[in-house]
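For reference, the structure discussed in these notes is given below.
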Amino acid sequence: MCAYHPAEFQALTFHDAVPAFREGRDSPRKYLERCLETIDAREPTVRAWVEMNVREARSVADRSTARYLAGRELSTIDGMPVGIKDLFMTKDMPTRMGSPLFRDNHTHQDTACVQALRAAGAIVLGKTVTTELGMSYPGPTTNPFSHRHTPGGSSSGSAAAVGARMIPAAIGTQVAGSVIRPASFCANYAIKPTMGAIHRGERLALSQSHVGIHAGDLRDMWHVSIEVAKRSGGDPGYPGLYGETTLHPATRPLRVIVMEAQGAAELDDDSRDAFERFLTQLRHAGVHTIDRTNHSLVDSFERAIDESLEITRDVCAYEMRWSLENLVERFGGGLSDSLTSRLELARKMSIDDYRQLLAQRDKARAAHAAIAHIADAIVAPSSVGPAPKLDNQGLDSGISHTTGLPSYNAVTSVLGAPTITLPLLAVRGMPLGIQVIGQQHTDQHLVGLGRWISETIPARSV
């Protein structure tokens with residue numbers, strides 16, 4: 001185990017290497033080779049990757065190198081090595097989705113965000129480990145700061161590869177907490193944008209699914225997000241991600257809401273202490289904090305989101321039923337106990353049950369919109385504590401969550417609201433993120449708030 005200290009850890013970044021690419025002092029090919037060296041050294045323990053296409057990656061890196069020397073780079077992420085969560089189709093690699101049922105699943109297609117990455121000149125290096133079908137049953141990946149702890153899920157390999165300094169950025173997805181929670185566990189910056197802001201491709205079957213970005217810093221995180229969105233757009237019927245290519249200036253929030261959600265009851269004493277110290281520092285920097293005890297609309301909001309975990313569990317189960325029934329009919333089994341329990345739950349649900357869930361979700365979204373004028377953002381821990389050990393038996397709402405409880409995360413998935421996580425805390429030598437949540441379509445401004453917080457509030461270990 002290598003103890004994590006947020007003030008000392010140096011994540012791998014990309015944007016700061018670009019000037020040397022242009023001057024010929026460095027190149028995307030050399031940068032890629034350094035990434036491959038780190039992967040060779042750390043992959044036997046971290047196990048973040050399912051498949052890699054190194055030969056093609058080197059070819060893409062060479063073409064990028066030539067563009068920089070000619071002053072004709074395609075984008076701010078031209079030459080950036082990126083990992084793709086193995087839920088997404090890639091034309092040159094199989095898409096196994098964390099399940100033995102798809103071990104030979106060659107689609108020979110690129111999903112929307114992968115097409116966009118290639119068009120921007122990024123290097124699609126390989127596929128990163130996901131939990132089974134992006135749900136709860138874990139893959140082999142370990143936490144980059146302790147091989148005895150989970151990296152989180154379902155974007156396990158994406159978060160771990162960035163945390164292990166193998167690559168500067170990776171694509172993830174979130175339905176409950178699958179971007180923000182593993183990013184918190186692995187010391188990533190990450191964004192789960194506004195619902196529909198980045199085209200989900202084949203993930204459109206789940207109404208709460210979001211494409212998210214893991215990165216070593218805010219600038220790379222934003223560059224990947226906006227460069228992909230400019231080329232793939234948002235989901236059908238959605239306007240896509242708003243914002244400029246440049247990172248938003250650091251912007252001090254005047255007021256923030258401190259959210260309890262369902263996570264507050266799960267926080268251990270050390271994590272609660274670390275978060276309270278963060279809030280104290282925020283107040284000392286001139287930011288006013290509001291919570292449910294001193295504002296009635298915030299209390300109404302907290303009550304409206306109080307069943308976000310249950311809403312997410314049941315919405316996902318109902319929406320996955322047709323797909324899981326097809327797998328059972330085709331293969332006669334092969335699903336984990338965790339996924340089987342979701343199928344059993346779905347079989348007990350009626351369309352009226354689903355309609356009631358959607359009504360609850362609409363109520364939560366209305367309550368969130370009602371507090372827009374009260375504060376600039378919402379803050380909360382990004383997870384209920386640091387990463388639990390791999391053999392933990394976490395249960396939440398009747399579903400096994402061995403990759404960590406999403407008690408602080410399901411709410412933003414229910415709301416479809418943008419959220420980012422900042423790696424500002426360490427608890428018992430392991431990372432713990434701070435979550436900053438905004439209103440829909442305020443993603444770029446939210447990143448500006450996160451930038452100010454990261455630059456102003458000292459990182460802390462407890």
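Using 0.36 nm per residue, how much length does the chain from residue 3 to residue 269 gain when fully extended, once their Cα-Cα distance is taken away?
Details: separation 266, 0.36 × 266 = 95.76 nm, distance 1.93 nm.
Value of the extension gain: 93.8 nm.
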In whole Hz, what ³J(HN,Hα) sequence does segment 121-133 give by Karplus (6.51, -1.76, 1.60; θ = phi - 60°), x for Gly and Pro? x, 5, 9, 7, 6, x, 9, 9, 4, 10, 5, 4, 6
Return a whole-number percent for the relative contact order of the chain, with Cα pairs under 8 Å and 6 or more residues apart as the contact set. 19
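Suppose accessible area is computed on protein heavy atoms with a 1.4 Å probe; arrange 313, 255, 355 from highest to lowest.
So, going from the largest accessible area down, we get 355, 255, 313.
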Can you compute 3J(HN,Hα) from phi for each residue in segment 148-155, using the Karplus curve 6.51 cos²θ - 1.76 cosθ + 1.60 with θ = phi - 60°, rounded to whole Hz and x for Gly and Pro? 8, 10, 6, x, x, x, 8, 7
Could you sort out which of 127/230; 30/230; 127/192 sit more than 25 Å apart by Cα distance in this structure? 30/230
Note: the chain at 10 °C, 1.306 mPa s; Kirkwood Rh on alpha carbon pairs; Stokes-Einstein D in µm²/s works out to 73
With a 1.4 Å probe and all protein chains kept in place, how do 348, 91, 85 rank by accessible area, largest first? 348, 91, 85
Go ahead and run the numbers for FRET between residue 289 and residue 456, Cβ-Cβ distance against an R0 of 25 Å, rounding to 0.05. 0.95
Exposure of residue 405 as accessible area (Å², to 10), given a probe of 1.4 Å and all protein chains: 30
Would you mind calculating the gained length between residue 109 and residue 353 on full extension (0.36 nm times residue separation, minus the Cα-Cα distance), in nm to one decimal? 84.2 nm
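Where does each of 223, 15 land when they are ordered by accessible area, with a 1.4 Å probe and the largest first?
Working: 223 20, 15 50 Å².
My answer, sorted largest first, is 15, 223.
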Contour minus Cα-Cα distance for residue 306 and residue 250 (0.36 nm per residue): 17.0 nm
In percent, what relative contact order does segment 63-131 have, based on Cα pairs under 8 Å that are 6 or more apart in sequence? 39
Might you work out the accessible area of residue 378 for me, using a 1.4 Å probe with all protein chains in place, and round it to the nearest 10 Å²? 10
Calculated from backbone phi, Karplus (6.51, -1.76, 1.60) coupling profile of segment 164-180 in Hz, x at Gly/Pro: 7, 6, 6, 9, x, 7, 7, 8, x, 9, 9, 10, 10, x, 7, 9, 5
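What are the trypsin sites (Lys or Arg not before Pro) within segment 370-462 that DSSP puts in a loop, where the Cβ has at most 16 other Cβ atoms within 10 Å?
Details: sites: 389, 428, 451, 460; in loops: 428.
Counting only loop positions with at most 16 other Cβ atoms within 10 Å, the trypsin sites (Lys or Arg not before Pro) in segment 370-462 are 428.
The values are calculated or read from the model by the stated rules, or taken from the named source; none is laboratory data. Small disclaimer: the values here were computed from a predicted structure and weren't measured. Neighbour counts are summed over all protein chains in view; Cβ atoms, including those assigned to glycine, are modelled from backbone coordinates with ideal geometry. Heads up: the accessible areas ignore ligands, DNA and RNA and are worked out on the full protein's heavy atoms, side chains in. Shrake-Rupley method; radii C 1.70, N 1.55, O 1.52, S 1.80 Å.
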